[in-house]
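Any read-out appearing in this document is the output of simple, stated calculations on the displayed coordinates, not a laboratory observation. Note that the structure is a prediction, hence the values are computed from the model and not measured. Here the Cβ is made from the backbone with ideal geometry for all residues, glycine too, and neighbour counts use every protein chain on show.
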Amino acid sequence: MWIGIDDTDSPAGMCTTYIGAVLVRRLARAGIRVVDARLVRLNPNVIHKTRGNAAVCIEAEGDVEAAFALTCACVEELAEFDAAETNPGVVVSEIRLPPDFYYAALRDFCNVGEAVEVLESVGARYRGYKNRRGLIGATAAVASDFPDWTYELLAYRKRENWGTRRQVDRESLFLAEKTTYPHTWDTVDQENDVVVCVPHTPDPVLFGIRGESPAWIRKARSYVRSEEQACEQVYTTNQGTDAHLVPGKIGELREGRSYLVRGMVAGFPTTGPGGHVSFSLEDDGVEVRCMAYEPTKGFRDVARALVPGDVVVMAGSYKGESLNLEKLGVCRLAEAVRIRPPVCPACGKRMTSAGAAKGYKCRVCGARSREPEVERQERLIRPGWYEVPPTARRHLARPLARGVPAWQQVLCD
């Protein structure tokens, strides 16, 4: 059977993955064998999400009715029902749902009615609470399909410590990253000297280690020194896979979807209020605004180094008529030049403009020239891929430490 849970947390506390970890243990005690536990990230642009828009799917073997009862009881005990925007959903299906609904929830938007229709079509057991919105994520989790996957080890706090400052040794996290990168990632942000894997929200999570295999994340975890934990759970996940991205074309982008778009830089990047960098990308005469926001830190320097004529591939979410960047690939660099009035060959002074289409004139000796001085400038970037730092990376975004998928590289070739 496949058990799906979603929408159990709120900004004030709880975490769906924690309920998943508790449920794994309760199922085992009831004699129901857990085969796998999945952390399923869905469309990061959904306005109703709490933090990372994560649902949980547990694959198990045993008594289906008992599993459904245990799951509902676990959610009813632990979910943040008092929060207005928390609307849990529980699904238990003896049939693996077709992946179409998962991909719709991952890359587009779904409603409760569509989820119920899918569940009814296979005779799944389900229960939605309050407005039942959590049935969308729970259904998508059960329908999840992972052509590519990673792992995350999540350590959870003892209940008496919830809401207090987390005690995790900073240096041990940097050592874990140094020892296991690139097999694990996003434990810390070395460039910006920031810890990434320890949340600051009032939920049960103590820290999380992401990586390519259970062995590597457990190795990284072995270096971490922290307060005593309640439990930990290793999840198979679609994090770090770019599963949310689809090829897009400028002029055909839809609000709230995430794309990989190829085009030509149409204007020099500008830095606006707050340090946000923007520039236009053009293809077939149609333009879209690209944004590198202040939290992306040094990634903005890459954006600033672009010049008109550069051919690039941009990855990000289309929101508010802007493509909000997660990474970019530089396919071909244009020649960057600086055009100035020439130096007078007679007196060595720099000439000035003689008027529109009239060339240049030396104000000292009166000499004239039709040709400007063209200075070719060294480019500060090279063809290749660039990404936002770990502090700004979305859960689903694939770090360059994992390489560039072939379908993305083809767009940049």
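Once the C-beta distance of residue 391 and residue 145 is scaled by a Förster radius of 35 Å, the resulting FRET efficiency is 0.70 to the nearest 0.05. Magnitude of the charge dipole for region 285-413, about its Cα centre and with charges confined to Cβ atoms of Lys, Arg (+1) and Asp, Glu (-1), is about 500 debye.
Here are some pairs, 178/297; 130/249; 49/297; 130/297; 49/327; which of them have Cα atoms lying more than 29 Å apart in this structure? Checking Cα-Cα distances, 130/249; 130/297 exceed 29 Å.
The modelled label-to-label distance between residue 368 and residue 66, using points 7 Å beyond Cα along the C-beta direction, is 9.9 nm.
Label-to-label distance, residue 283 versus residue 349, with points set 7 angstrom from Cα along the beta-carbon direction: 5.2 nm. For residue 196, the residues whose amide H sits under 5 Å from its own are 188, 189, ignoring neighbours fewer than 5 places away on the same chain, with H placed 1.01 Å from N. Sites listed here are GluC sites (Glu not before Pro) in region 256-323 whose DSSP assignment is loop and whose Cβ has at most 11 other Cβ atoms within 10 Å: 321. Please sort by residue number the GluC sites (Glu not before Pro) in region 192-238 whose DSSP state is loop and whose Cβ has at most 10 other Cβ atoms within 10 Å. For GluC sites (Glu not before Pro) across region 192-238 that sit outside H, G, I, E and B with at most 10 neighbouring Cβ atoms in 10 Å, the list reads 228.
For the chain, the share of DSSP beta bridges that are antiparallel, to the nearest 5, is 90%.
On the beta carbon distance between residue 406 and residue 358, with R0 = 56 Å, the FRET formula returns roughly 0.55. For residue 36, the amide hydrogen comes within under 5 Å of the amide hydrogens of 59, counting only partners 5 or more places away or on other chains and with H modelled in the peptide plane. Considering only 121, 75, 87, the residue lying farthest towards the positive end of the dipole of region 75-133 is 121, judged by Cα position with unit charges set on Cβ.
For region 283-299, the Karplus equation 6.51 cos²θ - 1.76 cosθ + 1.60, evaluated at θ = phi - 60°, returns couplings of 8, 6, x, 10, 10, 9, 7, 10, 10, 10, 7, 3, x, 7, 6, x, 4 Hz by residue, with Gly and Pro reported as x. In summary, the lysines within cross-link reach of residue 361, defined as a Cα separation below 20 angstrom excluding same-chain residues under 8 places away, comprise 349. Residue by residue, region 8-25 carries 3J(HN,Hα) couplings of 10, 10, 8, x, 8, x, 6, 7, 4, 5, 5, 4, x, 5, 4, 5, 3, 6 Hz when phi is fed to the Karplus relation 6.51 cos²θ - 1.76 cosθ + 1.60 (θ = phi - 60°); x denotes Gly or Pro.
Calculate the length of the line joining the C-alpha centroid of region 265-310 to that of region 41-103, in whole Å. Comparing the Cα centres of region 265-310 and region 41-103, I get a distance of 39 Å. Under the simplified labelling scheme, the residue 379-residue 59 pair shows an inter-label distance of 4.5 nm, with each label point 7 Å from Cα along Cα→Cβ. Using the Karplus relation 6.51 cos²θ - 1.76 cosθ + 1.60 with θ = phi - 60°, the per-residue 3J(HN,Hα) values for region 163-176 come to x, 9, 5, 6, 9, 10, 5, 5, 5, 5, 5, 5, 5, 4 Hz, with x marking Gly and Pro.
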